[in-house]
Amino acid sequence: MEGRRVIKVPTEIESIIHDFDQSGEKLAANTISAALNPARMKLAGNADAFRDAWPDAMAFALQREANNMGPWNTYFGAWSSGTKEDGSDWYGPDVRELTPDVIEHWKHRAKTLCHPVLRGRYADLVWEFSRPVSNKRADPEYARIAIDSYLDSVAHDMRPDQYDNIVVLKRAARLAALINDVTRINRTKEQLFIAFDKAVTEKTWWWAVSDELLENRKLALSEDDRERLRVGWETLLAGYTAAGVDGFDPHQAASVGDRLIDLYRKEGASSEVERVAKAIAGAFICISRAGSAMQAMGWLETAAEYMSTAGDKDQTKALRLEREQAIRDSHGEMQSFTTTMTVTKEDMDEFIALVVDKDSWQQSLFNIAAEFTEPREQLWISLQREARVAPLMAMISSSIIADDHKAATVGSTEDDKEGNLIRRLNTAQQLNRRFLRCALDEAVDLHRLSPEEIASFIFQSELFDDFHLMREGIRAWMHGDYIKALFTLVPLIEAGFRTLAKQLGEVTTKSKRGTPGWEVSSNLGDFLAMESIQKAMGPDIILQIKSIFADARGTNLRNLVAHGLASSSYANWQVCDLIVHSLIVMGVYQHVRDIAARRGEAAVENAEAGDDTDDAEMPTGEPVDDGDTQG
């Protein structure tokens with residue numbers, strides 16, 4: 001072809017390819033790559049030879065099943081990727097370096113080599129990259145060469161292990177489906193079933209073959225084919241649920257059992273669904289009795305779910321009760337992890353001087369309200385920074401355990417932004433609690449504040465209407481009567497949001513679930529979900545109220561108090577300080593909202609500029625009108 005550069009393969013590279021081709025041995029791409037790359041590196045002193053050695057080295061350096069890796073989302077792709085300082089993407093290896101000359105070289109290899117592992121690899125590369133590299137329609141001939149080579153390599157045991165066999169069989173099935181080659185589709189299906197039977201016997205990789213057989217519609221499974229799958233799955237289930245026998249594995253039992261349950265449901269075989277689900281439940285019950293209480297609470301949850309699938313209500317109830325006991329027992333197995341944060345008197349005095357205004361008690365309370373309202377954006381930036389430093393930890397989810405149940409789960413940083421923000425804010429509140437306490441104490445002592453004055457500050461926003469109740473709750477807090485403060489002030493938070501909802505024209509009732517025609521009052525969670533309230537309060541205050549009062553991933557005080565779950569352990573100064581701070585914020589929420597928003601914007605700007613360190617400096621508070629006080 002005119003203008004095409006002929007690749008002159010160095011003798012050292014050609015010799016390696018020739019030896020592999022004639023070896024008749026089992027081959028894997030990584031073995032071939034491990035031979036080609038060092039040989040190429042030895043040619044670095046000869047620019048032409050080094051360049052011409054690259055196409056063969058590249059052919060075996062690419063990763064299979066890399067469809068989600070970019071840049072073209074092709075089957076073959078990079079092992080790694082990242083972002084350069086200039087913002088551009090990099091890939092290793094980078095398929096964007098391929099040229100039409102390389103494709104032509106691979107074509108020649110696919111048609112002249114004999115070993116099915118080599119021939120299949122080169123042919124598949126041509127099929128996959130002809131369009132993005134050469135801007136030409138891929139020739140189905142190379143898909144056929146790849147399919148036949150893959151099937152031959154498995155049939156003649158030319159690959160290193162069963163996993164490699166299954167990968168190329170899956171690829172052959174999809175290539176055959178793409179070119180709609182019925183003969184090759186049927187050949188591939190039969191080899192997949194042979195692989196499935198072997199996988200059942202060896203109890204490994206059966207799931208990969210099962211999923212390909214079920215998901216590739218072009219394979220068009222017959223009733224006999226589905227029965228072959230069912231029999232294999234039943235064999236696996238029997239082995240995985242046989243307690244005390246080598247191969248017992250409840251988790252694998254659940255994996256194969258889910259496929260059987262789906263199959264039997266489609267057939268309307270409810271008794272079979274019950275049998276399979278109870279077998280899985282029994283396997284998890286077995287390991288729960290042999291493990292620790294912490295392990296048991298997770299395994300019994302799974303057992304209860306499968307017993308529920310089986311439709312056995314009595315056993316499901318019994319398992320849930322057993323799990324509740326396991327959760328209670330697990331508290332004795334948990335460990336506390338603490339950290340020490342040293343704050344010098346000079347640092348504390350400097351902080352208090354910034355927050356507590358010597359001349360105005362209203363300004364002092366406002367500064368405290370603004371200073372301890374954490375911007376969402378700043379919290380998110382810190383979470384992202386930690387995810388970069390410790391990416392594995394950021395991927396791990398965590399469970400929040402209450403007295404006798406799992407209250408909530410916080411997912412990975414990427415998948416559960418809200419949950420991680422709530423947990424991060426909860427941590428920040430714990431770290432800042434001594435600062436908050438000292439600031440509140442100094443404001444009260446310096447200005448000799450009375451309960452009436454603090455209550456009147458809170459009443460500025462016109463969100464509350466029971467001054468007497470507010471005053472008595474504040475008085476209890478000031479006098480250290482934290483039980484009274486807790487149970488008096490928490491309901492006022494919800495009352496304030498109900499008032500705000502009415503002011504914004506929202507409906508504050510809802511239908512009573514399960515009782516048509518009845519209505520009940522909306523709760524704090526309902527109010528926090530209203531767009532008008534989110535806009536009025538701003539995302540930063542909403543997050544604070546949610547984390548303290550209305551989300552199981554946080555302290556969830558509203559739920560604990562409303563349902564009689566708040567024990568005396570919650571009645572302490574740390575918790576009550578947060579309640580009082582939240583009420584003070586609600587008293588001047590519009591100003592606090594705006595300041596928190598500006599702090600969040602500044603944090604984003606700093607992060608974009610490369611400075612995403614936490615900003616510990618107190619924002620400048622806006623003066624509050626020294627209006628008349630109620631009392």
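Data for the structure
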item: Which numbered condition ARG64 misses (of (1) closer than 22 Å to SER80 by Cβ; (2) open to solvent by 40 Å² or more (accessible area, probe 1.4 Å); (3) out of contact with any helix residue (DSSP H, G or I) (no Cβ under 7 Å at 6 or more places or on another chain)); result: (3)
item: Residues of segment 222-250 satisfying the condition of being closer than 20 Å to VAL182 by Cα and without any contact (Cβ under 8 Å) to a residue 24 or more places away in the chain; result: SER222, GLU223, ASP224
item: Any hit, segment 93-106, residues being under 20 Å from ILE179 (Cβ atoms) and not aliphatic (A, V, I, L, M); result: yes
item: Residue that is closer than 25 Å to ILE422 by Cβ, assigned to a helix (DSSP H, G or I) and of a type in the set (Gly, Ala, Ser), where the choices are ALA353, ALA369; result: ALA369
item: Among residues of segment 26-76, those that are of a type in the set (Gly, Ala, Ser), in contact (Cβ under 8 Å) with a residue 12 or more places away in the chain and part of a loop (DSSP other than H, G, I, E, B), counted; result: 4
item: Some residue of segment 118-141 being assigned to a loop (DSSP other than H, G, I, E, B), in contact with a Ser or Thr (Cβ under 8 Å, 6 or more places away or on another chain), under 17 Å from SER33 (Cβ atoms) and at pLDDT 95 or above; result: no
item: Qualifying residues in segment 335-357 (those that are over 22 Å from ALA428 (Cβ atoms) and loosely packed, with under 10 Cβ neighbours inside 10 Å) - the one nearest to the chain's Cα centre (by Cα); result: GLN335
item: Any hit, segment 140-159, residues being more than 17 Å from ALA176 (Cα to Cα), charged (D, E, K, R) and surrounded by 19 or more Cβ atoms within 10 Å (Cβ to Cβ); result: yes
item: Number of positions in segment 166-182 that are open to solvent by 10 Å² or more (accessible area, probe 1.4 Å) and assigned to a helix (DSSP H, G or I); result: 6
item: Any hit, segment 130-146, residues being in contact with a Leu (Cβ under 6 Å, 6 or more places away or on another chain) and closer than 13 Å to LEU27 by Cα; result: no
item: Segment 497-525 - residue that is part of a helix (DSSP H, G or I) and either touching a His at 6+ places or on another chain (Cβ under 7 Å) or open to solvent by 80 Å² or more (accessible area, probe 1.4 Å) (or both) and, of those, farthest from ALA562 (Cα to Cα); result: GLN503
item: Meets criteria (small (Gly, Ala, Ser), closer than 22 Å to SER134 by Cα and either more than 42 Å from the chain's Cα centre (by Cα) or open to solvent by less than 80 Å² (accessible area, probe 1.4 Å) (or both)) for ALA44; result: no
item: Qualifying positions in segment 391-441 - open to solvent by 70 Å² or more (accessible area, probe 1.4 Å) and within 30 Å of GLN362 (Cα to Cα); result: GLN430, LEU431, ARG433, ARG434
item: Unmet criterion (only one of (1) under 28 Å from the mean Cα position of the chain (by Cα); (2) of a type in the set (S, T, N, Q); (3) open to solvent by 80 Å² or more (accessible area, probe 1.4 Å); (4) at pLDDT 95 or above) for GLN295; result: (4)
item: Hits in segment 77-98 (condition: part of a loop (DSSP other than H, G, I, E, B) and either more than 23 Å from ILE16 (Cβ to Cβ) or modelled with pLDDT under 95 (or both)); result: ALA78, TRP79, LYS84, GLU85, ASP86, GLY87, SER88, PRO93, ASP94
item: Flag if GLU12 is of a type in the set (Asp, Glu), within 18 Å of PRO132 (Cα to Cα) and surrounded by fewer than 20 Cβ atoms within 10 Å (Cβ to Cβ); result: no
item: Residue count for segment 458-496, restricted to those that are among the basic types (Lys, Arg), buried (at least 21 other Cβ atoms within 10 Å of the Cβ) and either under 41 Å from the mean Cα position of the chain (by Cα) or under 15 Å from LEU524 (Cβ atoms) (or both); result: 0
item: Number of positions in segment 526-555 that are open to solvent by 30 Å² or more (accessible area, probe 1.4 Å), in a helix (DSSP H, G or I) and either in contact with a helix residue (DSSP H, G or I) (Cβ under 8 Å, 6 or more places away or on another chain) or of a type in the set (Val, Ile, Thr) (or both); result: 4
item: Subset of segment 183-209 [farther than 12 Å from ALA172 by Cα, of a type in the set (Val, Ile, Thr) and open to solvent by less than 10 Å² (accessible area, probe 1.4 Å)]; result: VAL209
item: Condition met for SER308 (under 22 Å from ALA242 (Cβ atoms), of a type in the set (S, T, N, Q) and part of a helix (DSSP H, G or I)); result: no
item: Search result, residues across segment 71-101 that are hydrophobic (A, V, I, L, M, F, W, C) and either under 17 Å from TRP127 (Cα atoms) or open to solvent by 30 Å² or more (accessible area, probe 1.4 Å) (or both); result: TRP72, PHE76, TRP79, TRP90, VAL95, LEU98
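The values are calculated or read from the model by the stated rules, or taken from the named source; none is laboratory data. Values in this document were obtained by computation on a predicted structure and should not be read as measured data. Quick reminder, even Gly has a Cβ in these numbers, built from the backbone with ideal geometry, and neighbours come from all protein chains shown. We work out accessible area using only protein heavy atoms, side chains counted, and drop any ligands, DNA or RNA first. Shrake-Rupley method; radii C 1.70, N 1.55, O 1.52, S 1.80 Å.
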